[in-house]
1. Are any of the residues in region 387-395 open to solvent by less than 60 Å² (accessible area, probe 1.4 Å), under 30 Å from the mean Cα position of the chain (by Cα) and of a type in the set (A, V, I, L, M)?
2. Restricting region 674-696 to residues that are in a loop (DSSP other than H, G, I, E, B), open to solvent by 50 Å² or more (accessible area, probe 1.4 Å) and in contact (Cβ under 8 Å) with a residue 24 or more places away in the chain, which is nearest to GLY611 (Cα to Cα)?
3. Got at least one residue in region 727-741 being of a type in the set (S, T, N, Q), at pLDDT 85 or above and buried (at least 22 other Cβ atoms within 10 Å of the Cβ)?
4. Within region 440-454, track down each residue that is open to solvent by less than 10 Å² (accessible area, probe 1.4 Å) and not charged (D, E, K, R).
5. How many residues are free of Cβ contacts under 8 Å to residues at least 60 places away in the same chain, open to solvent by 60 Å² or more (accessible area, probe 1.4 Å) and in a helix (DSSP H, G or I) if we restrict to region 111-133?
6. Which ones in region 459-501 are of a type outside the set (A, V, I, L, M) and either surrounded by fewer than 24 Cβ atoms within 10 Å (Cβ to Cβ) or part of a loop (DSSP other than H, G, I, E, B) (or both)?
7. Do we find a residue being among the polar types (S, T, N, Q), crowded, with 17+ Cβ neighbours inside 10 Å, at pLDDT below 95 and farther than 28 Å from ASN96 by Cβ anywhere in region 220-235?
8. Where in region 502-580 are the helices (runs of 4 or more DSSP H), entirely inside, with at least 3 residues that are farther than 30 Å from ALA36 by Cα?
Amino acid sequence: MATNSINGEANDDHESVTIPLLTSERSNVNSTSQVAIVGANVCPIESLDYEIAENDLFKQDWRSGGKIQIFQYVFMKWLLCFLIGLIVSLIGFFNNLAVENIAGLKFVVTSNMMLAKRFGMAFLVFSVSNLTLTLFASIITAFIAPAAAGSGIPEVKAYLNGVDAPGIFSLRTLIVKIIGSISAVSSSLFVGKAGPMVHTGACVAALLGQGGSKRFRLTWRWLHFFRNDRDRRDLVTCGSAAGIAAGFRAPVGGVLFALEEMASWWRSVLLWRSFFTTAVVAIVLRALIDFCLSGKCGLFGKGGLIMFDVYSASVTYHLIDVPPALALGVIGGILGSLYNFLLDKVLRIYNLINEKGIAYKIFLACAISVSTSCLLFGLPWLASCQPCPSDASESCPTIGRSGNFKKFQCPPGHYNDLASLIFNTNDDAVRNLFSKNTNSEFQYSSILIFFVTCFFLSIFSCGIVAPAGLFVPVIVTGASYGRFVGMLVGSHSSLNHGLYAVLGAASFLGGSMRMTVSLCVIILELTNNLLLLPLIMLVLLISKTVADAFNGNIFDLIMKAKGFPYLESHAEPYMRQLTVGDVVTGPLQVFQGIEKVGNIVHVLRTTRHNGFPVVDEPPLSEPPVLYGLILRAHLIELLKKKAFMSAPVPTSIDALKLFSAGDSAERGSGNGDKIEELRFTEEEMEMFLDLHPFTNASPYTVVETMSLAKALILFREVGLRHLLVMSRISGRSPVVGILTRHDFMPEHILGLHPLLIRSRWKRLRIRVPRVFKFF
């Protein structure tokens with residue numbers, strides 16, 4: 001066994017992920033953090049390997065496969081896409097059904113008490129029910145599945161980039177995500193369920209892709225067809241698209257969301273499969289909605305944002321309507337970047353609180369719930385009662401949960417316009433803001449109070465230990481200031497205030513999430529009005545351009561705050577000044593082609609590296625030659641089967657009969673065997689293993705003089721976990737190091753070369769004025 005210099009993936013550095021890990025001196029080990037905040041807990045993370053290990057076992061299995069096996073493999077992929085669409089659509093429908101009935105029952109009881117002038121008891125019922133629901137969601141999340149906290153989109157996006165975090169796709173996480181999301185949204189917190197639906201879809205896809213849950217003994221042999229991370233990655237991509245399709249009833253928008261925001265790798269066949277998955281979601285939801293329209297679903301089915309068309313009237317607009325739309329785009333960009341900045345700061349503060357223990361996490365969630373209940377019940381008292389319009393399209397005042405004209409504390413024949421927005425579910429608030437023929441319904445002060453309340457409550461509600469999405473709160477906030485701009489423009493525009501609310505929602509979505517194509521299609525599918533397309537495109541482009549001048553999109557900021565080592569699609573300029581030899585660090589563990597069992601066991605027990613170069617040395621090869629790369633999981637499988645030899649001679653063909661293709665398959669997150677579980681006698685430790693048949697003989701390699709920027713593009717585009725760095729000098733070991741994901745992180749690179757920090761900030765100072773000069 002030889003020992004040279006480089007980093008493995010398994011550095012046990014557990015520094016805080018919230019502190020920049022930069023040092024002033026060159027380090028011998030990779031100093032970037034190997035932990036990240038997954039959901040609500042700090043957990044160790046690893047990388048996924050999308051490269052196929054082409055060893056002799058894989059080649060033998062590939063040659064033995066006939067046309068029936070190939071057909072079965074392709075058929076299973078399409079079948080799983082169908083199952084993903086079916087299950088996710090049923091979960092999405094169940095979520096909406098539960099939220100509408102739980103929240104509806106709460107508002108009906110509270111409204112009845114308000115009608116009886118029992119205001120104190122109404123507030124008590126309202127606040128206690130909200131607190132109970134929030135407490136329930138936070139307890140099951142904190143104790144059962146901390147990975148279910150938050151929207152889950154940053155975790156899924158990081159996974160599709162190649163970051164493997166423990167527990168994000170477990171069965172417990174799926175169940176807690178569903179139940180916790182229903183409780184959190186029903187508790188009147190300013191959170192949404194579209195983000196959790198993306199995580200839910202990814203969980204369903206991952207569980208089906210790995211054949212079920214091994215921990216809970218819910219596995220199916222007929223699903224064990226996908227033996228590598230690449231196939232599971234494709235299924236998770238389809239699951240995330242299905243989540244958006246189920247959350248917004250936007251099948252095409254779901255596909256584009258997965259393409260534009262989630263996936264780091266995309267193929268044409270994946271486009272077909274994801275489209276098929278979302279089509280299944282749309283068909284199932286349409287059938288279930290028709291069933292509910294007959295009145296068999298309780299309080300569900302009265303017309304909300306998530307499941308029903310919001311706006312379908314004919315729209316005509318002229319050139320004079322373009323300047324207000326441009327203004328909305330600029331406002332959305334500024335407010336969106338401010339929203340992202342404040343949310344990032346709040347999440348970091350919450351992280352400091354959450355580090356103190358579970359009790360502090362739950363107390364924080366309860367404090368946010370009580371504060372929210374006080375504001376939602378107290379703020380409508382600031383608004384004056386308005387007389388019911390004579391030409392109202394629905395009953396006024398509204399008695400119960402839904403409707404544009406909430407009575408609240410007003411006398412008969414009057415309504416409280418602020419209560420119609422704030423003392424309501426988020427879905428009904430958006431429906432009221434988007435509604436047509438209601439230009440005189442809301443006062444300026446009510447809309448302004450509602451906007452400020454939504455803006456800050458959605459920020460403070462996001463980081464609690466409960467499933468909490470951002471899509472719907474952002475839509476509500478944007479729709480409120482969009483409606484306010486429409487009220488200011490007034491009769492000078494041919495667009496009604498509801499359409500300005502739609503444009504405002506689009507501008508705030510573009511300013512905070514920085515997506516364009518997918519958001520445009522999602523909004524069009526929500527509003528069912530293609531005539532809005534030019535204005536929505538214009539608003540999204542302007543808001544994204546303005547916001548990009550200040551900071552990144554909300555999901556990237558959350559991933560960075562959580563500590564996920566996400567690889568961007570582009571290389572930083574300073575990476576072109578460095579070669580791969582400038583960033584590799586040590587030590588490197590190298591195995592010979594025929595290695596002693598004791599050496600292998602010692603290395604596996606003393607390191608946590610995932611891949612090891614295999615080098616043939618004399619007498620197998622006169623000069624040392626790289627044979628390939630062997631994975632930790634394959635070494636453990638070899639040790640487990642005890643395919644040992646008494647002498648260091650090559651393995652016979654018969655030795656391969658001890659193994660099947662399933663033995664070399666990747667087990668998925670956290671399902672592999674541990675070296676600590678294996679026991680060996682002293683005699684076995686002196687025996688040998690031939691690593692050649694189980695070594696990937698064609699790993700990706702680069703020379704040590706290649707630029708770091710070019711190596712990053714190769715590493716990301718191929719989806720690698722290990723990239724071998726080869727020496728160009730004869731007489732040295734053929735392998736000088738291994739590049740892993742953490743070697744490309746700015747914290748590691750700038751830690752090794754601190755002088756680059758100064759030049760990096762100098763370029764940023766030069767670049768920023770150019771951006772503002774553009775405007």
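1. No, because not a single residue in region 387-395 is open to solvent by less than 60 Å² (accessible area, probe 1.4 Å), under 30 Å from the mean Cα position of the chain (by Cα) and of a type in the set (A, V, I, L, M).
2. Filtering region 674-696 for residues that are in a loop (DSSP other than H, G, I, E, B), open to solvent by 50 Å² or more (accessible area, probe 1.4 Å) and in contact (Cβ under 8 Å) with a residue 24 or more places away in the chain, the one nearest to GLY611 (Cα to Cα) comes out as LYS674.
3. Checking region 727-741: at least one residue is of a type in the set (S, T, N, Q), at pLDDT 85 or above and buried (at least 22 other Cβ atoms within 10 Å of the Cβ).
4. Correct list: SER446, ILE447, PHE450, CYS454.
5. 5
6. PHE460, GLY463, PHE484, GLY490, SER491, HIS492, SER493, SER494, ASN496
7. yes
8. 517-527, 533-548
The values are calculated or read from the model by the stated rules, or taken from the named source; none is laboratory data. Please read all numbers here as calculations on a predicted model, not as lab measurements. When we count neighbours, we look across all protein chains shown, and the Cβ atoms used for this are built from the backbone with ideal geometry, even at glycine. The accessibility values were calculated without ligands, DNA or RNA, using every heavy atom of the protein model including side chains. Shrake-Rupley method; radii C 1.70, N 1.55, O 1.52, S 1.80 Å.
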